[in-house]
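The values are calculated or read from the model by the stated rules, or taken from the named source; none is laboratory data. Just so it is clear, the model here is predicted, and its values are computed rather than measured. Cβ coordinates were reconstructed from backbone atoms using ideal geometry, including for glycine residues, and neighbour counts include every protein chain displayed.
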Amino acid sequence: MNTPAAPSSTLNKNLLILHFTVFIWGFTGILGKLITVTAVNLVWYRVIIALVTLFLYFVISKQYFKVNQSTFLKLFFTGALVGGHWILFFHAIKVSTVSVTLVCLSSITLFTAILEPIINKKPISRMEILSGILIISGIVLIFKFETHYTKGIILALSSALAASLFSIVNSRQAKTKLKASIIGFYELLGAFVWITLYMLATNTVTDIPVPKMADMGYLLLLGTICTSLAYVAGVSVMSELSAFKVALITNLEPVYGIIMAFLFFGDMHTMSTGFWIGAAIILSTIFLYPVARKQVSRYKTGKPGRTNSLGQIH
């Protein structure tokens, strides 16, 4: 049985929130390049700042945030995916470029198109696979990979895989009665513990550097706006949007991030024709997917579909 469709205004609101969140996520790559500490230390500081921010929010708003043991364990272990995704993401940026990392991150769509049906025991949608393949085609056109970026490419693709799994798992959590801020808090707590355990296992926990003044400013921005606010906002929309739809819109992150990377680091004039063609393929896939899905649904049911102003099906 299909879940009743949400009102058009609610879907529009969730889509706008998600697009704004993805825009903020696009900025994280810039901060990752600017911050000089290692990827593991960067994520460790990021999680701590985000946790403190959310805890202060709970205290100030007097919000009850305790959960039962079963829920805690689910969120705690999901935090491992969060921490792994971020470490792989920032490490990829450190060893390659923001552009390479972000375009490879777009493969989250293809991973989700394959993994979500398997995990949720549903038929694999040919349309979603096709959309994923088109995204990959856009990636190839956006950036001509070079051999010395091989490590960055592997790390970024691994980050996309972790993000895909996280998106699928979290789409279930978001459909519970728990508030997004509570889900985010315990997942970030899990990420902090797992990262700390990794640092203990690799004997790097005693080597955590004190951030420079500039790094501290960037870390505060990353931990508050780009993590606490964006993380909670991203989780909140998952109660209405499927994991694949979230992944599809998330593919705007490379476009936002690459444009900002050129703006911040110069070289805007070096954007190739391949970039614009690839970006056009990605954007077209994202915005035309709902239209194509509507036509397929209309063909199968013989009934006219209905879309809202952003093209989502109800």
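Key figures for this structure:
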| quantity | calculated |
| --- | --- |
| Lone qualifier among 231, 256 - being of a type outside the set (A, V, I, L, M), surrounded by fewer than 21 Cβ atoms within 10 Å (Cβ to Cβ), part of a helix (DSSP H, G or I) and within 14 Å of the chain's Cα centre (by Cα) | 256 |
| Residue 124 being among the aliphatic types (A, V, I, L, M), in contact with a helix residue (DSSP H, G or I) (Cβ under 7 Å, 6 or more places away or on another chain) and outside any helix (DSSP H, G or I) | yes |
| Check on residue 142, touching a helix residue (DSSP H, G or I) at 6+ places or on another chain (Cβ under 8 Å), among the aliphatic types (A, V, I, L, M) and modelled with pLDDT of 85 or more | no |
| For residue 20: the one exception among (1) in a helix (DSSP H, G or I); (2) more than 22 Å from residue 283 (Cβ to Cβ) | (2) |
| Qualifying positions in the range 171-213 - over 30 Å from residue 237 (Cβ atoms), aliphatic (A, V, I, L, M) and touching a residue at least 12 places away in the same chain (Cβ under 8 Å) | 199, 208 |
| Qualifying residue in the range 60-76 (condition: touching a residue at least 24 places away in the same chain (Cβ under 8 Å), in a helix (DSSP H, G or I), surrounded by 23 or more Cβ atoms within 10 Å (Cβ to Cβ) and of a type in the set (Val, Ile, Thr)) | no |
| Search result, residues across the range 89-100 that are buried (at least 24 other Cβ atoms within 10 Å of the Cβ) and in contact with a Ser or Thr (Cβ under 8 Å, 6 or more places away or on another chain) | 89, 92, 93 |
| Meets criteria (exposed (fewer than 15 other Cβ atoms within 10 Å of the Cβ), out of contact with any Gly (no Cβ under 6 Å at 6 or more places or on another chain), touching a residue at least 60 places away in the same chain (Cβ under 8 Å) and under 28 Å from residue 130 (Cα atoms)) for residue 20 | yes |
| Residue identified as farther than 28 Å from residue 263 by Cβ and touching a helix residue (DSSP H, G or I) at 6+ places or on another chain (Cβ under 7 Å) among 27, 76, 89 | 76 |
| Which listed residue, of 135, 114, 154, 118, is within 17 Å of residue 22 (Cβ to Cβ) and part of a helix (DSSP H, G or I) | 135 |
